[in-house]
1. When you look at residue 65, is it surrounded by 15 or more Cβ atoms within 10 Å (Cβ to Cβ) and modelled with pLDDT under 95, yes or no?
2. Exactly one condition in (1) over 20 Å from residue 66 (Cα atoms); (2) in a loop (DSSP other than H, G, I, E, B) is false for residue 44; which is it?
3. Take the range 23-33 and flag every residue that is at negative phi, loosely packed, with under 13 Cβ neighbours inside 10 Å and either assigned to a loop (DSSP other than H, G, I, E, B) or within 11 Å of the chain's Cα centre (by Cα) (or both).
């Protein structure tokens, strides 16, 4: 599942997801950064990928950013 699919399914806006990453994932990002990940412009670092995996309870994984399922 892509990050954007997960966000929409769980009704998180970009700002709300950023807050979730900061609170539960213990990483700081901006809404622009998350947008860039979702559009494939950039990819998250290993630290950010781990935080995404944590807050999405394993529903979004590193391979999802590369189109690997």
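The values are calculated or read from the model by the stated rules, or taken from the named source; none is laboratory data. None of these values were measured; they are calculated from a predicted model. So basically every Cβ, Gly included, is an ideal-geometry build from the backbone, and we count neighbours across all protein chains shown.
1. For residue 65, the condition - surrounded by 15 or more Cβ atoms within 10 Å (Cβ to Cβ) and modelled with pLDDT under 95 - is met.
2. (1)
3. Those that are at negative phi, loosely packed, with under 13 Cβ neighbours inside 10 Å and either assigned to a loop (DSSP other than H, G, I, E, B) or within 11 Å of the chain's Cα centre (by Cα) (or both): 28, 30.
Here is a yes/no grid of residues against (1) at pLDDT below 95; (2) within 10 Å of the chain's Cα centre (by Cα); (3) assigned to a helix (DSSP H, G or I):
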{"position": "17", "(1), (2), (3)": "no, yes, yes"}
{"position": "21", "(1), (2), (3)": "no, yes, yes"}
{"position": "35", "(1), (2), (3)": "no, yes, yes"}
{"position": "57", "(1), (2), (3)": "no, no, no"}
{"position": "60", "(1), (2), (3)": "no, yes, no"}
